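Notes follow the structure.
The values are calculated or read from the model by the stated rules, or taken from the named source; none is laboratory data. Keep in mind that what you see is a predicted model, and the values were worked out from it rather than measured. Backbone-built Cβ (ideal geometry, glycine too); neighbour counts: all protein chains shown.
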Amino acid sequence: MHLARKPAVIQPPRQSDIDSLTSSESLLVIVGEAGSGKTDLAMQIHASGPFRHRPLKSLNFRTLKDRDQRYGLFGGEPPELSSHRRGILEFHTTILLKHIDHANSFLQDRLAAALKQSKVQRFSGEHSLPIPGRAIFTLRETPDSVQCRGRLTPSLCSILSAADRVNLAPAQIEREPTAPCGKAAKGRGSAVRAIASRQYAEALVVQERREIEEILRMIDEGREFPMKLSLALVEKSIVERALRKTDGRVGEAARLLGVTDHTIRRIISKLLPAL
């Protein structure tokens, strides 16, 4: 794990910029609005980087409870846990940390110290371990902006501000020639077409694989797991497949699955953050 001495700010990235980012192991921050492609860029960098032969590891702090954030990031040992557990920072691969501003201040400060020293210590552990991988953070705003809103501690903000950064342009969503009635329907047609596209489908397959692996890992480790998360994953996958089969026609997809148009649109709204 290397911290950049002279951070490079790239906006928006060109292919030559991406090539330079993949050859580095320095800490990287990707900033962009929802739907701008932060995760896709991180996956592209990983796929072309030195850890491409190892699976990418990721944590989304926006969707995890405090306990899962704590042990997912740093791991733990007895007596705090019933068995030894590795934290994500111990893996020799690309580490994607999404929405770190949703972690509490204690975890943020502990993470900042670990990144500064390039060492991590498990909870209840006696020894520090090296951080062998490369950390990539994704945020919707710059570290300074997030800190100003009180969602990022000064210590972690200092680390992220000193890292290489990529600023992505806002997502451009095409509008329908004739806009549907109602604010909720605004831009929905183009969003449905995006979900039905081959590029989105390929990205979603990778995302689903990671989510399923995380679910199975939680079960194997005896961690509490809400069944509704796996049901939601299956639901999204089925609707996405039906939309691709019907070329994005909501009505036909609803009839194919035996549900109402409203149900399809409700699930589409959950798929949109992945665009």
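This table checks each residue for (1) in contact (Cβ under 8 Å) with a residue 40 or more places away in the chain; (2) of a type in the set (S, T, Y).
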{"residue": "Q69", "(1), (2)": "no, no"}
{"residue": "G76", "(1), (2)": "yes, no"}
{"residue": "E90", "(1), (2)": "yes, no"}
{"residue": "Q117", "(1), (2)": "no, no"}
{"residue": "G133", "(1), (2)": "yes, no"}
{"residue": "T138", "(1), (2)": "yes, yes"}
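Let's see how each residue does on (1) under 30 Å from R52 (Cβ atoms); (2) of a type in the set (K, R); (3) under 20 Å from the mean Cα position of the chain (by Cα); (4) assigned by TED's automatic domain parsing to the domain that holds R14:
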position	(1), (2), (3), (4)
K65	no, yes, yes, yes
Q69	yes, no, yes, yes
L73	yes, no, yes, yes
R86	yes, yes, yes, yes
A103	yes, no, yes, yes
K116	yes, yes, no, yes
R122	yes, yes, no, yes
L139	yes, no, yes, yes
L160	yes, no, yes, yes
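Let's see how each residue does on (1) within 20 Å of E80 (Cα to Cα); (2) hydroxyl-bearing (S, T, Y); (3) out of contact with any Asp or Glu (no Cβ under 9 Å at 6 or more places or on another chain); (4) buried (at least 19 other Cβ atoms within 10 Å of the Cβ):
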| residue | (1), (2), (3), (4) |
| --- | --- |
| N104 | yes, no, no, no |
| A112 | no, no, yes, yes |
| Q117 | no, no, yes, no |
| G125 | yes, no, no, no |
| P132 | no, no, no, no |
| I136 | no, no, yes, yes |
| S145 | no, yes, yes, no |
| S155 | no, yes, no, no |
| S158 | no, yes, yes, no |
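Can you report the number of residues in the stretch 69-118 which are of a type outside the set (A, V, I, L, M, F, W, C) and more than 19 Å from P143 (Cβ to Cβ)? Before you say what the answer is, go through the steps one by one.
If we filter the stretch 69-118 for residues that are of a type outside the set (A, V, I, L, M, F, W, C), which is where we start, we get 69-72, 75-80, 82-87, 90, 92-94, 98-99, 101-102, 104-105, 108-110, 116-118.
Checking the rest, the ones that are also more than 19 Å from P143 (Cβ to Cβ) come to 70-72, 75-80, 82-87, 90, 92-94, 117-118.
Of the residues in that region, 21 qualify.
Taking E25 as the residue in question, decide whether it is loosely packed, with under 14 Cβ neighbours inside 10 Å and either modelled with pLDDT under 90 or acidic (D, E) (or both). Please lay out each step first, then the result.
On the way: loosely packed, with under 14 Cβ neighbours inside 10 Å: no; either modelled with pLDDT under 90 or acidic (D, E) (or both): yes.
No: the conditions fail for E25.
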